[in-house]
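Participant: My structure is below; once you've seen it, I'll send some questions.
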Amino acid sequence: MTIKIMDTYVRVTDFLDYLFCPRKIYLKRVLDLEEERGEKALFGTLVHSVFDRLNEVEESIVYEIDDEYSFDYILKIYEITANKI
């Protein structure tokens, strides 16, 4: 996620990193150094990717729903979609 501040976009992660350690932003953004990605970071990236994909699927389902659909029909749409993932 990015936030626009004036005419500059700031990543939420960078903002949180800055609050934790301003030097980290300097090393990362000015000196272009990257920290090693450990197993936990890779797992976190994987989890975020899965949730991003699920949110995309959820959004597509929601846009398909008509006000006149019954709850059971909507549930069936979710079940069919879940089996495709």
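The values are calculated or read from the model by the stated rules, or taken from the named source; none is laboratory data. Here the structure is a predicted model, which is why all the values come from computation and not from measurement. With ideal geometry, Cβ positions are generated from the backbone for all residues, glycine too; neighbour counts draw on all protein chains shown.
Participant: Does any residue of segment 38-60 turn out to be outside any helix (DSSP H, G or I), farther than 26 Å from Asn83 by Cβ and at pLDDT below 85?
Facilitator: no
Participant: Just to check your reading of the model, which residue among Asp66, Asp32 is loosely packed, with under 11 Cβ neighbours inside 10 Å, charged (D, E, K, R) and either at pLDDT 85 or above or on the phi > 0 side of the Ramachandran plot (or both)?
Facilitator: Going through Asp66, Asp32 in turn, the sole match is Asp32.
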